[in-house]
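**Student:** Submitted below is the structure of interest, expressed as structure tokens.
The values are calculated or read from the model by the stated rules, or taken from the named source; none is laboratory data. No experiment lies behind these values; they were computed from the predicted model shown. Cβ placement follows ideal geometry from the backbone for every residue including glycine, while neighbour counts extend to all protein chains displayed.
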Amino acid sequence: MTDHELPGEVVEAEGHLIDSDLLTLIFDTVIKSGGRFDVQQFDIGRTNEDFSYLRMRVSAPTDAALGTLIEDLVPLGCHPVVEQDALLRPADRDRCAPEDFYSTTNHRTLVRHGGRWIEVARQRMDAVIVIEDGRASCRKLRDIRTGDRIVCGVTGVRIVPEFRERDRHGFAFMTNDISSERRVEVSVARIAERMAELKRTGGRIAFVAGPVVVHTGGVEYFSQLIRRGYVNVLLAGNALAVHDVENALLGTSLGVDLKSGVPVEEGHKHHMRAINTISRAGGLRAAVEQGVLRSGIMYECVTHGVDFVLAGSIRDDGPLPDTVMDLVEAQDRYTTALEGVQMVLILSTMLHGIGVGNMLPAWVRVVCVDINPAVVTKLADRGSSQTVGLVTDVGLFLHQLAQQLP
């Protein structure tokens, strides 16, 4: 049977297909599925700004196999040439979607409805698309209500991947790389440039931080960033706040004197004393207002009006009164805090880093700083392809960042 006798469909894709390795991925996807492709047209962009254009016929042994192949090609930016409206099915119960619902990626997405293409709002991965009053938006499964009109299948769905070429003169020095120690200063300088630009233009920067920020002596440098207006949102767990308060009240972190690096007597109780002090005051904000808490990351956040959310876990001591122990509420508050953010820096916290990565659209720049390269790799492997990594000590990173920022 020839290619043209097999079930097939003509698809097209446009963008920086070569520089972003999408062309190779598209061809590999067809071949791995057992399908075939016939390139009908390919135009290469002549400048950094010009897009390339691909038009090809893909075929597969059966109609079912062809449908699966098209579904696999859509996230790579391919879409059928013949345009059709998206298929909508109503949800038959709360928190449940039709079986063939379209599961979103973090890339910019459009759906065709009423003969026109609509950009999907609140873009994030692992959600469904709901059409309501002529608008499309991502919605988590738990937020689905009976009667919601859910986009099903991939008909009438277009993905616009983020193209590496678009940032050739910006973050391209790190794109999809894990920078080695010898590149820390250069990498930090580029990150500082981007942060300074965002501050000048009114952009929002979020930090996702683990307690290692305190353990490695990064509190003062991070506090400087807050005071100088480079931190708009702080997302963390109970541990960061607890050890930050412990350091502010008792000069230790995990019972270790941060100046001498030596464990102090009875130091293992210090974090519990810190929790007790804040609880007695009525929370972090109350502790600052009462003069109980006078320094540290959380003090600076309260003093300078920086929005922060502390998400709890099963291992938390205390926790602090400010820590959100309802997981669904914590996720929703993270999502709200991240709205309008243009850049996220993740400082040595795999759990919260991956969680935040899942909430972000692909066009939000993510920098992951960790001494363990596996953490950086895992974040990117989980779908946050926009993540760039810097393998270094977090305290050293914050020191250099504070020095490089204007």
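**Student:** Just the residues that are of a type outside the set (Lys, Arg), in a loop (DSSP other than H, G, I, E, B) and surrounded by fewer than 18 Cβ atoms within 10 Å (Cβ to Cβ), please, taken from the range 61-97.
**Tutor:** Once the filter is applied, which keeps residues that are of a type outside the set (Lys, Arg), in a loop (DSSP other than H, G, I, E, B) and surrounded by fewer than 18 Cβ atoms within 10 Å (Cβ to Cβ), the range 61-97 yields Pro61, Thr62, Val81, Val82, Glu83, Gln84, Asp85, Asp92, Asp94.
**Student:** Tell me, which residue of the range 107-119 that is within 17 Å of the chain's Cα centre (by Cα) and buried (at least 19 other Cβ atoms within 10 Å of the Cβ) is nearest to Gln386 (Cα to Cα)?
**Tutor:** Ranking the candidates gives His107 first.
**Student:** Given the residues Gly305, Gly267, Gly291, Gly261, which is the only one that is without any contact (Cβ under 8 Å) to a residue 60 or more places away in the chain, surrounded by fewer than 17 Cβ atoms within 10 Å (Cβ to Cβ) and closer than 19 Å to Val212 by Cα?
**Tutor:** Gly261
**Student:** Here's another thing I want to ask about it. Given the criteria of a type in the set (A, V, I, L, M, F, W, C), touching a Gly at 6+ places or on another chain (Cβ under 9 Å) and assigned by TED's automatic domain parsing to the domain that holds Thr277, does Leu351 qualify?
**Tutor:** Spelling it out, Leu351 is indeed of a type in the set (A, V, I, L, M, F, W, C), touching a Gly at 6+ places or on another chain (Cβ under 9 Å) and assigned by TED's automatic domain parsing to the domain that holds Thr277.
**Student:** Just need a number here: residues in the range 313-334 that are under 23 Å from Asn358 (Cα atoms), of a type outside the set (Ser, Thr, Tyr) and surrounded by 20 or more Cβ atoms within 10 Å (Cβ to Cβ).
**Tutor:** Count: 1.
**Student:** A further question follows. Take Gly318 and decide whether it is modelled with pLDDT of 95 or more and either aromatic (Phe, Trp, Tyr) or on the phi > 0 side of the Ramachandran plot (or both).
**Tutor:** Against the criterion (modelled with pLDDT of 95 or more and either aromatic (Phe, Trp, Tyr) or on the phi > 0 side of the Ramachandran plot (or both)), Gly318 does not qualify.
**Student:** Shifting gears a bit: Would you point out which residue out of Val309, Val302, Val264 is among the β-branched types (Val, Ile, Thr) and modelled with pLDDT under 95?
**Tutor:** Val264 is the lone residue from the list that is among the β-branched types (Val, Ile, Thr) and modelled with pLDDT under 95.
**Student:** Within the set of pairs 6 or more residues apart or between chains, which connect a residue that is assigned by TED's automatic domain parsing to the domain that holds Gly114 and surrounded by 12 or more Cβ atoms within 10 Å (Cβ to Cβ) inside the range 125-148 to a residue that is at pLDDT below 95 and not in a loop (DSSP other than H, G, I, E, B) with Cβ atoms less than 8 Å apart?
**Tutor:** From the range 125-148, the pairs are Met125/Asn358; Asp126/Asn358.
**Student:** When you go through (1) part of a strand (DSSP E or B); (2) out of contact with any strand residue (DSSP E or B) (no Cβ under 6 Å at 6 or more places or on another chain) one by one for Ile346, which number turns out not to apply?
**Tutor:** (2)
**Student:** Here's something else I'd like to know. Residues of the range 352-406 being of a type in the set (Phe, Trp, Tyr) and not in a helix (DSSP H, G or I), which ones?
**Tutor:** Correct list: Trp363 only.
**Student:** Restricting to the range 142-169, what's the tally of residues that are assigned to a loop (DSSP other than H, G, I, E, B) and either at pLDDT below 50 or of a type in the set (Lys, Arg) (or both)?
**Tutor:** Going through the range 142-169 one residue at a time, the tally reaches 3.
**Student:** I'd like the full set of residues that are closer than 13 Å to Ala236 by Cα and either more than 25 Å from the chain's Cα centre (by Cα) or part of a loop (DSSP other than H, G, I, E, B) (or both), limited to the range 307-318.
**Tutor:** Selection gives Gly312, Ser313, Asp316.
**Student:** If you don't mind, another one. Sort through Ser253, Ser279 and tell me the only one that's buried (at least 21 other Cβ atoms within 10 Å of the Cβ) and free of Cβ contacts under 8 Å to residues at least 60 places away in the same chain.
**Tutor:** Ser253
**Student:** Ok, one more. Pull up the range 19-60, narrow it to residues that are within 16 Å of Val81 (Cβ to Cβ) and free of Cβ contacts under 8 Å to residues at least 40 places away in the same chain, then point me to the one that is surrounded by the most Cβ atoms within 10 Å (Cβ to Cβ).
**Tutor:** Phe37
**Student:** Next up: Given Tyr221, Tyr230, which one is of a type in the set (Phe, Trp, Tyr), surrounded by fewer than 24 Cβ atoms within 10 Å (Cβ to Cβ) and either without any contact (Cβ under 8 Å) to a residue 60 or more places away in the chain or not in a helix (DSSP H, G or I) (or both)?
**Tutor:** Criteria check complete, one pass: Tyr230.
**Student:** Can you tell me which residue among Arg95, Arg145, Arg122 is on the phi < 0 side of the Ramachandran plot and not acidic (Asp, Glu)?
**Tutor:** Every option except Arg145 fails the conditions.
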